[in-house]
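The values are calculated or read from the model by the stated rules, or taken from the named source; none is laboratory data. Remember, predicted model here, so these are calculated numbers, not experimental data. Cβ placement follows ideal geometry from the backbone for every residue including glycine, while neighbour counts extend to all protein chains displayed. When the accessible area is computed, the model is the full protein with side chains, heavy atoms only, and any ligands, DNA or RNA have been set aside. Shrake-Rupley method; radii C 1.70, N 1.55, O 1.52, S 1.80 Å.
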Amino acid sequence: MLKDRESVIILDFGGQYSQLIARRVREAHIYSEILPYDTPLERILDKKPKAIILSGGPASVYSKDAPRCDKRLFETGIPVLGICYGMQLMCHLLGGKVEAAKAGEYGRTELLVDEEGGLFDGLGKKLTVWMSHGDSILELPEGFRTLARTKNTPHAAVSNGKNLFGVQFHPEVAHTPDGKKILSNFLYKIAGCSGSWTAEAFVEEQVRLIRERVGNKRALCALSGGVDSSVAAVIAHRAIGDNLTCIFVDHGLLRKGEKEQVERTFREKFHMNLKVVDASERFLKRLEGVTDPETKRKIIGEEFIRVFEDEAKKLGRIDFLVQGTLYPDVIESGTKTAAVIKSHHNVGGLPEDLKFELIEPLRDLFKDEVREVGLKLGLPEEIVFRHPFPGPGLAVRILGEVTREKLNILREADAIVTEEIKKAGIYGELWQAFAVLTNVKSVGVMGDARTYAYTVAVRAVKSDDGMTADWARLPYDLLDIISTRIVNEVAGVNRVVYDITSKPPATIEWE
Ligand SMILES: Nc1ncnc2c1ncn2[C@@H]1O[C@H](COP(=O)(O)OP(=O)(O)OP(=O)(O)O)[C@@H](O)[C@H]1O
Ligand SMILES: O=c1[nH]c(=O)c2[nH+]cn([C@@H]3O[C@H](COP(=O)(O)O)[C@@H](O)[C@H]3O)c2[nH]1
Ligand SMILES: NC(=O)CC[C@H](N)C(=O)O
Ligand SMILES: [Mg+2]
């Protein structure tokens, strides 16, 4: 049954919101997959999509190197929705004319609907939409007509009256209030989707895919105790049972008491093979003297794999490695169209000579979607709602060289932050809250004597998916307790600061 699962393909032209489109489609209970814009048509058709959505993008269709898709796509009869650049490209390839508009439109704009029904079914004649474009369609391709316009854009929504649709605005962003309805009109009314994709269907399908790939061979699962790898482990275990061995690596960069806690929770709640590997010596040795953040990340990414290889050898031949990689890990590590922000150890930090075949069932999802899957799988809430903790651990929260002394300082300070956040009853409201050890030392006075010691930064943020985040407005009294406790209880620290930067322009972790 799942073999015939309906899916929607999103062709990515480098738009800021491509992943949001995918999310909205999944929220409408339809499976979706993002593919690069130049994916060969045959590969797209192999996936038997019920519909195709062309994303926005920064380029202009009339420029020489503008990204293009195969024009034959429009002759397949599959319903296509072009969004912004996607619509401009569709019109351009089919003989219409696209040019730089006299005035662009950025932000909230009023849309006047000429043709109700279809894409705009159930909505009024005037809608608020969110725009971000400098180019406009001047002439429509043959057979096309206008469905809606705005003050400055005569063709703000178009169709050929059959399978091709385009909108100049962005229905996928939250600032287009009727965007979900417009997308679901396209998916349900126009493309005829039935909406059978749910968290349960997702699990069933991933279990089947893993079973097909691994057969009766064996796999390792990189397990961190976080929600992503726990969900990945449970799915993989359903697929291949005891042919799965989970490996938890203590790389010496874990938080206070973390190893014991993960091991305890896992042995109590899961009935799978688990091996805890103490690899702190080798990780810390390789990090000696290293100060550059990207170099640290790459070393850690590689060392993780070397540890998994060593463990695989001990167990006999193992070809597969399961990881809890999520979409933000992939996009931040850089893709053909997106810049490298930081190399997540499990994606951009992987060594080139990786011999394992990776199994990453959550690679297209965001954390809040993974949490939903986790709840459906019956995982304990302490795992599902645990704050994210990066694979490179405290190494990306110690600026500059990582040493045992600094690790001990940070562990103590971080434990205080977590304890006080939990005590204040706000752990669940925050995406993450932690301490960072800056490499700044400053002068203080303690017990009438001069001190010259480290500055700890406290970071607490709110976020839905980790892609953007706002610093949390923690109560002053709570900050006061945290600061006082850290300076009083952690030797080597005489100053505490609070990070009041959002993402962007900062990132959540400091490195
Ligand atoms: N200490 C570790 N031992 C083994 N594998 C790890 C460890 N830390 C991270 N990994 C692997 O790297 C992946 C990415 O780490 P990441 O921190 O993003 O996810 P997570 O730990 O599963 O969830 P969370 O983001 O909630 O912490 C994990 O899913 C896991 O497969
Ligand atoms: O597994 C991981 N490996 C990594 O290398 C990594 N780097 C950042 N993070 C987590 O990802 C989210 C976004 O982080 P940044 O705003 O710091 O880029 C935040 O939740 C970070 O904690 C990582 N997770
Ligand atoms: N957001 C977009 O897709 C922009 C498309 C095109 N670059 C324009 O400015 O019109
Ligand atoms: Mg983690």
| task | For Ser132, state whether it is open to solvent by less than 40 Å² (accessible area, probe 1.4 Å) and either over 30 Å from Lys48 (Cβ atoms) or in contact with a helix residue (DSSP H, G or I) (Cβ under 6 Å, 6 or more places away or on another chain) (or both). | result | no
| If a residue has to be in contact with a Lys or Arg (Cβ under 8 Å, 6 or more places away or on another chain), away from ligand 1 (no atom under 11 Å from the Cβ) and in contact (Cβ under 8 Å) with a residue 40 or more places away in the chain to count, how many in the stretch 232-254 make the cut? | 2
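Could you list all residues from the stretch 455-466 that are crowded, with 19+ Cβ neighbours inside 10 Å and part of a loop (DSSP other than H, G, I, E, B)?
Ser463, Gly466
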| said: Every residue in the stretch 357-368 that is more than 15 Å from ligand 2 (Cβ to nearest atom) and either touching a helix residue (DSSP H, G or I) at 6+ places or on another chain (Cβ under 7 Å) or outside the structural domain of Ala236 (by the TED database) (or both), please. | reply: Ile359, Pro361, Asp364
| message | Is it the case, given these coordinates, that Ser224 is more than 13 Å from Ile359 (Cβ to Cβ), in a helix (DSSP H, G or I) and within 11 Å of ligand 4 (Cβ to nearest atom)? | response | no
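Say whether the condition of being open to solvent by 50 Å² or more (accessible area, probe 1.4 Å), aliphatic (A, V, I, L, M) and at pLDDT 95 or above is met by at least one residue in the stretch 55-67.
We begin by selecting, within the stretch 55-67, every residue open to solvent by 50 Å² or more (accessible area, probe 1.4 Å); these are 58, 62, 64-65.
Now narrow it down to the ones that are aliphatic (A, V, I, L, M): none.
No, there is no match, as no residue in the stretch 55-67 is open to solvent by 50 Å² or more (accessible area, probe 1.4 Å), aliphatic (A, V, I, L, M) and at pLDDT 95 or above.
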| query | Just one of Leu315, Leu321, Leu358, Leu377 is surrounded by fewer than 19 Cβ atoms within 10 Å (Cβ to Cβ) and within 11 Å of ligand 1 (Cβ to nearest atom); which is it? | reply | Leu358
| said: Can you list residue pairs whose Cβ atoms sit under 7 Å apart, with the first residue in the stretch 338-349 being part of a loop (DSSP other than H, G, I, E, B) and open to solvent by 20 Å² or more (accessible area, probe 1.4 Å) and the second being among the hydroxyl-bearing types (Ser, Thr, Tyr) and more than 7 Å from ligand 2 (Cβ to nearest atom)? Count only pairs 6 or more apart in sequence or on different chains. | reply: Val340/Ser333; His344/Ser333; Val347/Thr325; Val347/Ser333; Gly348/Ser333
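Here is a yes/no grid of residues against (1) small (Gly, Ala, Ser); (2) within 16 Å of ligand 1 (Cβ to nearest atom); (3) part of a helix (DSSP H, G or I):
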{"position": "Gly57", "(1), (2), (3)": "yes, no, no"}
{"position": "Val61", "(1), (2), (3)": "no, no, no"}
{"position": "Lys64", "(1), (2), (3)": "no, no, no"}
{"position": "Arg72", "(1), (2), (3)": "no, no, yes"}
{"position": "Ile78", "(1), (2), (3)": "no, no, no"}
{"position": "Leu81", "(1), (2), (3)": "no, no, no"}
{"position": "Gly86", "(1), (2), (3)": "yes, no, yes"}
{"position": "Val98", "(1), (2), (3)": "no, no, no"}
{"position": "Lys102", "(1), (2), (3)": "no, no, no"}
